[in-house]
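Quick note: the coordinates plus some simple rules give every number you see, no bench work behind them. These numbers come from a predicted model, not from an experiment. Cβ: placed from backbone, ideal geometry, glycine included. Neighbour counts: every protein chain shown.
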């Protein structure tokens, strides 16, 4: 039979055991239970995921501040320098020629026309019919060839020299379909003299230059791959 003292000790022990059991239950129930996928991720992967979320939030915020530009609005392209003012009565024709041949500008044409002017004159003065035939229309070649024939019949020869081309001016420009005609005026200085068979001066001067104005018309099919222009008409002003 237990004494009163022993009973009291047993109660204290049972109370302590109960407190210990309650404490353990609270520790267990207070913990997060279930599978946590973040525990299985490497530390770097977790950081990357947080960084991606932050970047997505930043991009979304940036998109909210972007004003969309209308897709049908384009910046104006710089106009092609055709070598003459838009106020010129010939601008529209020159522009249309450029649409057929993007390399065509009035400056480029003037450069080529000046070269052709000197070559044709020198070929005429030296009686180079082959070169003339390749650069002139049939009608103009017949005129040049006739003038050469007249000199030959009279036993005369030209001793002319082109000193310089002072300026070139656009006179007229036309476009029919893809056939372009451009008329220019050459203002030049030449030494012009005609000698007989004994080299005696018949006409002109052997050392004094004169100012000459020639108006020439060149023609070309601007759709053709051949870039050469043909001289189709000449006159003096």
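Between residue 107 and residue 147, how high is the FRET efficiency from 1/(1 + (r/R0)^6) when r is the Cβ-Cβ distance and R₀ = 35 Å? Nearest 0.05. Mind showing how you got there, number by number?
Details: r = 32 Å, r/R0 = 0.91.
The calculated FRET efficiency here is 0.65.
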(Q) With the crude spin-label approximation of a point 7 Å out along Cα→Cβ, what separation in nm comes out for residue 198 versus residue 167? (A) 4.5 nm
Q. Between residue 134 and residue 226, how many nm apart are label points set 7 Å from Cα along the C-beta direction?
A. 1.2 nm
Q) How would you classify region 124-187 from its alpha-carbon gyration tensor, with a ≥ b ≥ c the square roots of the eigenvalues: rounded for a/c under 1.5, else prolate if a/b is greater than b/c, otherwise oblate? A) oblate
Q. Want the number for residue 219 to residue 119: 0.36 nm per residue separation, take away the alpha-carbon distance, what's left?
A. 34.3 nm
Q) Can you give the extra length, in nm with one decimal, that the chain gains between residue 88 and residue 176 once fully stretched, where that is 0.36 nm per residue apart less the Cα-Cα distance? A) 29.8 nm
(Q) Multiplying the sequence separation of residue 233 and residue 211 by 0.36 nm and subtracting their Cα-Cα distance, what value in nm do you get? (A) 5.9 nm
Q. If eta is 1.306 mPa s and T is 10 °C, what Stokes-Einstein diffusion coefficient results for region 91-236, Kirkwood Rh from Cα pairs, in µm²/s?
A. 97 µm²/s
